[in-house]
Each structure stands twice: as structure tokens, then as C-alpha cells.
Amino acid sequence: MSDNPSPATRQLPLPRLLEILAQLPPSSPLFKHAAGLLDTCLVPGWDQVPRQRASGPKRFLTIGMATYDDYDGVYFSVQAIRLYHPEITPDTEILVLDNNPGGPCSAALKKLEGQVPGYRYIAYDRSTGTAIRDLLFREANSDYVLAMDAHVLFAPHSLARLVAFLKTQPDSVDLWQGPLLYDNQTSLSTHFAPEWSGGMYGAWRTDERGTDPDAPPFEIPMQGLGAFACRRQAWPGFNPRLSGFGGEEGYLHEKIRRNGGKVFCLPFLRWMHRFDRPQGTRYPVSWKDRIRNYLIEYDELGLDPAPVVAHFEKHLAPGEARPLVEAAQREIAGPFHMFDGIYRTNARGLDDPPNIRHFTAVANLFDPDIGRALAHRSILEEARRQCLTSVLILDDDFEFGPEAIEKFDVALRGLRGCEWRGCRLPGGMAFAGGVFSRALAEIPTTPSAIALWLRERSGLDEYYTQAFANAPEQADAKLRL
């Protein structure tokens with residue numbers, strides 16, 4: 001630890017100030033004032049760190065949309081909901097998930113939070129892609145969630161009818177969708193046929209039962225995911241390893257059915273989707289991501305991947321699909337695939353796989369373990385909120401490569417097939433879901449509190465040694481921290 005002075009503590013070195021604070025009652029005004037000054041000394045700008053807005057009162061339905069630099073789409077979709085469907089406002093919140101915070105649209109998206117009733121803004125950039133919609137269900141404060149693309153408009157009265165209908169389904173485990181209404185406002189498609197077409201699974205089809213908005217619900221095999229509703233407690237989740245654009249159609253519907261639910265078309269829930277983008281998409285779209293997503297999903301569901309491979313080898317240019325397929329298959333067979341989330345707290349590495357989640361750790365010159373503990377706490381908090389079962393937090397100097405992967409593979413053999421809490425691996429810290437809540441209860445939330453907490457132990461690793469003690473005997477002792 002260094003004794004760097006600051007304007008807030010220029011009369012006392014930091015270790016001495018911590019010693020004094022340790023003797024004060026934490027509830028005393030003097031302690032609170034000094035701790036606040038120390039927070040900004042230990043982590044410059046700590047008092048300016050943005051805090052996520054509280055979720056607000058519980059509603060029946062969350063209307064959620066994820067966006068990546070599409071302010072116009074969000075603006076007109078949100079305003080259309082509140083302008084043309086005002087009767088649902090008391091029952092609903094609008095949740096906007098910004099997948100490129102700091103981008104050109106973020107400030108304007110955030111500004112809407114103070115202008116639109118029931119609007120809530122969340123920034124998230126640890127991973128990107130269409131599967132980020134999973135977080136809409138994790139962050140919702142409601143019984144049901146209607147997930148929609150950030151450029152969808154709903155037919156008059158459809159949302160009021162949806163709210164009324166879902167209130168009759170308090171224990172539903174089903175997925176509810178509606179017909180896509182085309183730009184001519186006459187033609188529509190009620191579902192996807194489960195077949196491969198144009199580089200994706202699913203082809204638009206129309207069931208005549210869906211042409212009458214007053215017709216009863218009917219079961220469908222699958223549908224495009226521009227708009228879909230599910231009870232939050234019944235949400236099966238997207239695989240957290242997915243990244244990039246596409247691949248969830250059919251996969252979500254199969255998970256719903258495996259959880260005992262069905263997929264229904266509600267003929268009245270008509271939605272219009274903006275497909276054309278004359279100025280292009282703002283986010284990257286690649287066959288690499290799509291092929292990888294499909295293969296991960298098929299692996300999760302235990303399905304034969306041969307149809308995926310055959311379609312893309314036919315759809316893409318000769319020789320283009322094979323290396324993409326082989327790269328995804330190597331990743332799935334590799335040692336890192338066992339973790340729901342892999343986090344890096346420093347700059348992106350050149351060889352980082354696509355599922356790495358980047359988390360910027362706060363700079364701290366007084367004691368690196370303070371910044372490390374803050375980062376780990378935030379990561380574990382996110383992992384618990386997203387219902388991840390295991391995470392790996394890479395060391396700052398870790399670089400992917402054949403030798404590093406081989407060391408990980410050897411070390412992880414002791415974890416497979418047994419219960420474990422957490423362990424030190426060659427290049428990172430691994431955590432199982434069972435330890436998330438304990439760590440979050442014990443690791444403090446502010447720089448000054450962590451500095452005081454660390455005075456009682458030699459470092460963060462010592463705490464982990466205690467937290468992961470008494471691991472099951474069948475685990476290799478070398479793997480326990």
C-alpha cells in the first residue's frame with residue numbers, strides 16, 4: 001500500500017486514516033463524512049459513478065425492448081405505445097435496454113426516462129447481440145413481459161386486449177405471439193414453418209385462423225421474435241453464451257415446450273415491424289455469429305447439428321461455412337464452455353473468444369485489491385441477477401492461446417462431475433452460483449468499506465480461501481483456493 005496524499009486527506013496518510021475510521025462507530029456522522037471523502041480519494045470520481053435507477057412500482061406487464069444505436073426506432077415505438085394505447089399505462093412499464101451505452105443515442109434514450117410515464121432505461125454492454133433480450137425478463141418488475149424489437153408498432157386496441165387476456169393466465173408456462181402485419185396493413189404472417197431458409201431457421205407462413213382478429217388463440221410451431229410475451233417466472237432463458245445477431249427462433253419455442261408449455265398465436269396481437277434499413281444496421285451482423293449461436297443452441301438441446309451444417313454449407317459460398325462451423329465446434333468442446341459467463345476486467349485481448357464479457361475495473365493506486373474486490377462484487381451481482389450458474393473472472397494478464405487452454409483443460413478435469421463452490425485456476429477465479437449470495441453479503445460495496453474490510457485479512461484471495469473452504473472431498477484439493 002502507498003501513502004499517496006490527497007486534498008481530502010493531506011494531513012494524514014491513508015493507512016492512518018483507515019486506522020482512525022476503524023475505531024469510529026459506522027453510524028456516526030464523522031465516520032460517514034470521512035468515509036465519503038475517502039471513497040473519492042481511493043477511487044477518483046467515485047461520487048460520479050452512475051447508479052441504475054430503481055425499478056419503481058410493480059406492474060402487471062413490462063414492455064421491453066433492447067436497442068443498439070436505434071433512437072428513432074425506440075422513440076416512435078415508445079411514443080406510439082403511450083399515445084395510441086394510453087389505457088394500458090397503469091398496468092405497464094416500458095423497459096429500454098441500451099446495448100451500446102456511451103454511443104450516439106444513449107443520452108437521448110436516457111433523457112426519455114424523465115419524459116415518458118413508466119419508462120425505465122438500463123445500460124448494458126458486457127455482451128452484445130439479440131440474445132440480450134434475456135435481460136428484459138431478468139430486470140422486469142412485473143408478472144408478464146412483452147419483449148419487442150425497438151422498431152415495432154402494435155395495432156389499435158391490441159395491447160389492451162393482451163393485458164386483459166394475460167390476466168386470465170396467472171399460471172401460464174406458454175409463449176404468446178401474434179401475426180406480423182406487413183407494410184400494406186393487409187397481408188400478414190401468423191407463424192414460422194420449422195424449416196431452413198435463407199440462412200435462418202424458420203420461414204413465414206399464414207394460418208387462415210389468424211386472419212380474423214377475434215378468432216380464438218391457436219397453437220403454432222414457432223414465430224419470429226419481433227414480439228413475444230411470457231410470464232416472467234416461466235421464462236426459460238437464452239443461453240448466456242450466445243452473442244451477435246440471430247439464431248433464437250425455434251430454439252426459444254423448443255425450450256418453452258420442454259418446460260411443459262405451448263406456443264400460441266393470439267390473432268388480435270398484430271404487430272408491424274420495420275425491416276428496411278436504408279442507412280444500414282448500426283451493429284455487426286455476421287454469419288460467424290449466427291452459425292455459432294445455432295450450434296451452441298443445438299448442443300444445449302442435445303440435437304443433431306447436421307441440419308445446421310448442411311444448410312450453411314449450401315447457403316454460403318463453397319468453403320466459407322466449414323471454418324466457421326469448426327471454430328464453433330472447437331469452442332463448444334473446449335474447457336471454457338462450461339462457464340455461463342467469462343469476464344475480463346482489463347482491455348480486450350486479441351484472441352478473446354466472442355463470449356467474453358468485458359467489465360471495466362475502477363483504477364486504484366492505494367491497494368489493487370480494492371478495485372479488484374469492487375469489480376468482482378459487481379460481476380457476481382450481475383451473475384446472480386442473470387441467474388448464471390458459474391462464472392470465470394480472468395486475471396488481468398491472462399492471454400488466450402494453446403498453452404493457456406491446455407492448462408485450463410487439465411485443471412478443470414477435477415471440477416467436472418462434482419459439486420464445487422469456487423477455485424483458483426491458472427489464469428483466473430472460478431465461481432459457482434452457490435457462492436454468489438455469500439460473497440455479495442460479505443464483500444462491502446464502497447471503496448472505503450472494502451479498504452477497512454481488507455485490513456482484517458491479507459487480501460482478497462485470503463477471503464476466497466475461507467469462503468471456499470470445506471469444498472466436497474471428491475474435488476481435487478489442488479483446485480480449491
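What follows is calculated from the coordinates using simple rules that are stated; it is not laboratory data. Predicted model, so just to flag it, every value in this text is computed and none were measured. For neighbour counting, all protein chains shown are included, and Cβ atoms are generated from backbone atoms with ideal geometry for every residue, glycine included.
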request  = Identify the single condition in (1) surrounded by fewer than 21 Cβ atoms within 10 Å (Cβ to Cβ); (2) among the hydrophobic types (A, V, I, L, M, F, W, C); (3) in a helix (DSSP H, G or I) that LEU295 does not satisfy, given that it satisfies every other one.
outcome  = (1)
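Can you give me the ranges of the strands (runs of 3 or more DSSP E) entirely in the range 162-254 with at least 3 residues that are touching a residue at least 60 places away in the same chain (Cβ under 8 Å) and either among the charged types (D, E, K, R) or under 18 Å from ALA131 (Cβ atoms) (or both)?
Working: elements: 175-177, 191-197, 200-205, 227-231.
In the range 162-254, the matching strands (runs of 3 or more DSSP E) lie at 227-231.
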